[in-house]
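Since every read-out is calculated from the coordinates, none of them should be taken as a lab result. Small disclaimer: the values here were computed from a predicted structure and weren't measured. Using ideal geometry, Cβ is built from the backbone for each residue, glycine included, and neighbour counts are taken over all protein chains shown.
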Amino acid sequence: MINDLKKDSEDRMQKTLDSLEQGFAKVRTGRAHPSILNGVMVPYYGSDVPLNQVANVGVEDSRTLIVQPFERTMVSAIDKAIRESDLGLNPISADAIRVPLPALTEETRRDMQKVARNEAENAKIAIRNIRRDVLGDIKSLLKDKEISEDDERRAGDDIQKITDKYVAEVDKRLAAKEAELMKV
């Protein structure tokens, strides 16, 4: 029973790390990467759909993304969606859409670092919330007399070790992202 709780907490904490990586992918670095446009939604036949469902997104060179719509009629809608996203990008439309990424200034790099730190802090909070939930489950097992106090204390220590491991992993990934952001 306790082992199931530990396994569940590890799975949930791993999902938090995966979510952190997705959040980091949206933080723009100096290089072009298709995941920058993952959050862009395009109106398509009356509903908003993700950009990657109406076009291919690729990298033309280190500072330019190329978006090739599946239908020529979608060019203007995709162009407008990219412009209206909060990414600060100005696409150039033709048959395909070229999205030049401006070079990051020192100030922009610092702002991106703040965004990355915020993502990491949210991941840490999520991990701590998972720990709190699992410890509450363990306490309820103790209250129902399904485990002894020694088992409860041991399980609490194990959950804390798991939590520390995942928080350290978040810190490691944040340090790598910050180094990537500051690299010119």
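Here are the numbers:
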| read-out | value |
| --- | --- |
| Convex hull of Cα atoms in segment 34-100, direction-averaged projection (nm²) | 3.9 nm² |
| Radius, Kirkwood style, for the chain when every pair of distinct Cα atoms is counted (Å) | 19.1 Å |
| Distance in nm between pseudo-label sites at residue 110 and residue 35 (7 Å out along the Cβ direction from Cα) | 2.7 nm |
| From phi via Karplus (6.51, -1.76, 1.60), per-residue ³J(HN,Hα) for segment 106-115 in Hz, x at Gly/Pro | 4, 5, 5, 4, 5, 5, 5, 5, 4, 5 |
| Of 80/177; 15/172; 6/145; 7/124; 7/183; 124/161, pairs whose Cα-Cα distance is over 26 Å | 80/177; 7/183 |
| Burial order of peptide ranges 67-74, 130-137 (average beta-carbon count within 10 Å, highest first) | 130-137, 67-74 |
| Nearest-0.05 FRET efficiency for residue 118 and residue 149, computed from C-beta distance (R0 41 Å) | 0.55 |
| Relative contact order of segment 1-138, defined on C-alpha pairs under 8 angstrom at six or more residues apart (%) | 26 percent |
| Amide H contacts under 5 Å for residue 101, placed H, 5+ residues apart | 64, 65 |
| Length-normalised contact order for segment 34-100 - Cα pairs under 8 Å, 6+ apart - percent | 27 percent |
| Options 54, 33, 115, ranked by Cα towards positive dipole end of segment 10-120, top entry (Cβ charges) | 115 |
| Calculated FRET value between residue 3 and residue 87, using beta carbons and R₀ = 45 Å, to 0.05 | 0.50 |
| Table column - 3J(HN,Hα) (Hz), segment 164-172, Karplus curve with 6.51, -1.76, 1.60, x for Gly and Pro | 4, 4, 6, 5, 5, 5, 4, 4, 5 |
| Potential lengthening between residue 160 and residue 80 on full extension [0.36 nm per residue; Cα-Cα distance subtracted] | 24.0 nm |
| Residue-by-residue Karplus 3J(HN,Hα) for segment 58-71, coefficients 6.51, -1.76, 1.60, Hz, glycine and proline x | x, 9, 7, 8, 5, 10, 9, 9, 10, 10, 10, x, 6, 10 |
| Cβ-defined net charge surrounding residue 87, 10 Å radius [Lys, Arg +1; Asp, Glu -1] | +1 |
